[in-house]
Amino acid sequence: MGKSIIIIGAGAAGLQAGQRLCKAGYMVTILEANSMPGGRIHTLPPGGPEGFSITTEGGAEFIHGELPLSLSLAKAAGVALQPLHSHMVRVRKDHGEENFHRGWDELFKQMEILPEDMPFGDFLAEYLGGDEYSVLRDSVSRMAEGYDLADLRTASTKSLYKEWAAEEDGEEGYRPVGGYRQIIDHLERECMEGGCMIHYEAPVVAVDYTPGDVSVRTAGGRVYRAELLVCTVSLGILKEGGIAFSPGLPEDHSAAIRKLGFGTVIKVLLEFDQPFWDHRKISGKTLFVISEEALPTWWTQPEDHCALITGWISGERRKALRALDGDGRLTAALESLAHIFEVDETILRRRLKASLFLDWSAAPGVHGAYSFDTVGAPEARVALARPVVETLYFSGEALYEGDVPGTVEAAFCSGVTVADKIIAQS
């Protein structure tokens, strides 16, 4: 029988690590703060209390390319994958629709030859600071803040270039038909069939450790003990000090947690009685719209008849939306759509069937969405991934080394990496 291990978090990284460690003979206990697994995967079934008529994703939604681990898990779980074909446009006030990637060749040229990494905001000011680049600056800033949830003051220019250039050359990706949660449910079953114990509604608040001995206390006062610990909680929890470690973490680990970037978002789901956008131009495709509205980013579903549209808001606009009450948020969303698609806002309100605003900064056990690379992030990841007295291990999408950061694939890969590290060192 292998060593006993506690894993904090039943998200993608925690379940993937648990599955692998159980198969290797370890005695695994997973403690999850919420009442269900998944972490930042939050699939909402049709007919639920939210009122949607189709399966919707409150969290992760896409598989971003030909990602081997995600695709193999989907296959093992029997989940069909719908290829993603997108049509992206930028809508500017008084200018109408434009090609979103207009001018990006010049951007990539400057990013590629950058001699030394620097914060992306500084890069834009220094290399694309002229008036002739104003539209391009706005476009790429929205991409970095919206898609990557990056803070322009700290985000790594070289990391953004690596990610965006890879996406230019790669496949668009997939949607899991029926929702991401099916893959999580598959991993949960595999863990439990392998003898793993999973405790839900067990938020960890304190960890006491010495070499080879860990004591973990939950908010309810229950104490669990094991020889090793794998912590997969989000950077949001770590940055806020949501878990008290005793003794405190080594300074290089604490500094790494401070150094790594972590963004957040409000995701908006609106379902109408029928599509109000012209789906004839984008039949079979997902329309992505980047605008200058209060809620600037939206995308549709590929089915022509589907009347669900998803909003995505980060940065300063997210803070402004968060300050509004429920009615104010809905009005801001409908007014944004009315301006983008040139539809009367009162008509949209009358045709609205269901709505949901998911503020991931307030999500229990998460407190944010996903990580982004800052200048110096690679060194910080190495430091945080280093075991503490060969007893405490950290894992999660923020520790992933690869071409698709901030994704579910990143979390799966990190779970595999930490499990294999433990197995190799035993």
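For this structure, a couple of remarks:
- Shown here for segment 200-288: chymotrypsin sites (Phe, Trp or Tyr not before Pro) in loop regions (DSSP other than H, G, I, E, B) with at most 14 other Cβ atoms within 10 Å, namely Tyr200.
- D (Stokes-Einstein, µm²/s), Kirkwood Cα radius, segment 278-317, 1.567 mPa s at 4 °C: 119 µm²/s
- Segment 168-306, accessible surface, carbon-and-sulfur percent (1.4 angstrom probe): 47 percent
- Taking the centroid of alpha carbons for each part, segment 147-169 and segment 207-261 are 29 Å apart.
- Global size of segment 273-426: 20.6, 65 Å for Rg and Dmax (C-alpha atoms, Rg to one decimal, Dmax whole).
- The calculated 222 nm mean residue ellipticity attributable to helices in the chain amounts to -10500 deg cm²/dmol, summing -39500 (n - 2.57) over DSSP H runs of n ≥ 4 and dividing by all residues.
- The Rg/Rh ratio of segment 98-188, with Rg taken over Cα atoms and Rh as the Kirkwood radius over Cα pairs, comes to 1.10.
- As a ratio to 2.2 N^0.38 Å, the alpha-carbon radius of gyration computed for segment 192-277 takes the value 1.55.
- Cut-off 11 Å between beta-carbons: net charge of the residues surrounding Gly2, Lys and Arg +1, Asp and Glu -1: +1
- Summed side-chain charge close to Tyr133 - residues other than Tyr133 whose Cβ falls under 12 Å, Lys, Arg +1, Asp, Glu -1: -3
- Taking only the C-alpha atoms of segment 320-360, the Rg (one decimal) and the largest Cα-Cα distance, Dmax (whole number), read 10.6, 30 Å.
- Accessible area of segment 1-154 belonging to carbon and sulfur atoms, whole % at 1.4 Å probe: 51 percent
- In sequence order, calculated HN-Hα J values of segment 252-257 (Karplus, 6.51, -1.76, 1.60; Hz; x Gly/Pro): 5, 6, 4, 5, 5, 4
- Fraction of C-alpha pairs exceeding 38 angstrom in the chain: 23 percent, rounded to a whole number.
- Ranked by the mean number of other Cβ atoms within 10 Å of their residues, highest first, the peptides 143-155, 393-405 come out as 393-405, 143-155.
- Among the trypsin sites (Lys or Arg not before Pro) in segment 219-271, those placed in a DSSP loop whose Cβ has at most 12 other Cβ atoms within 10 Å are Arg222.
- P(r) tail fraction, segment 167-323 - alpha-carbon pairs more than 23 Å apart, %: 63 percent
- Each other residue within a Cβ distance under 12 Å of Ala398 adds +1 if Lys or Arg and -1 if Asp or Glu, for a net charge of +1.
- Estimated FRET transfer efficiency (Ala24, Ile54; beta-carbon r; R0 35 Å; 0.05): 0.35
- When each of Lys109/Lys267; Lys259/Lys285; Lys239/Lys421 is checked by Cα-Cα distance, pairs over 29 Å: Lys109/Lys267; Lys259/Lys285
- Tail fraction, Cα-Cα pairs, segment 202-241, threshold 14 Å, whole percent: 49 percent
The values are calculated or read from the model by the stated rules, or taken from the named source; none is laboratory data. Not measured: the values here are computed from a predicted model. Glycine gets a Cβ as well: all are built from the backbone with ideal geometry, and neighbour counts include every protein chain shown. Remember, those area values only see protein heavy atoms, side chains included, never the ligands or the DNA or RNA. Shrake-Rupley method; radii C 1.70, N 1.55, O 1.52, S 1.80 Å.
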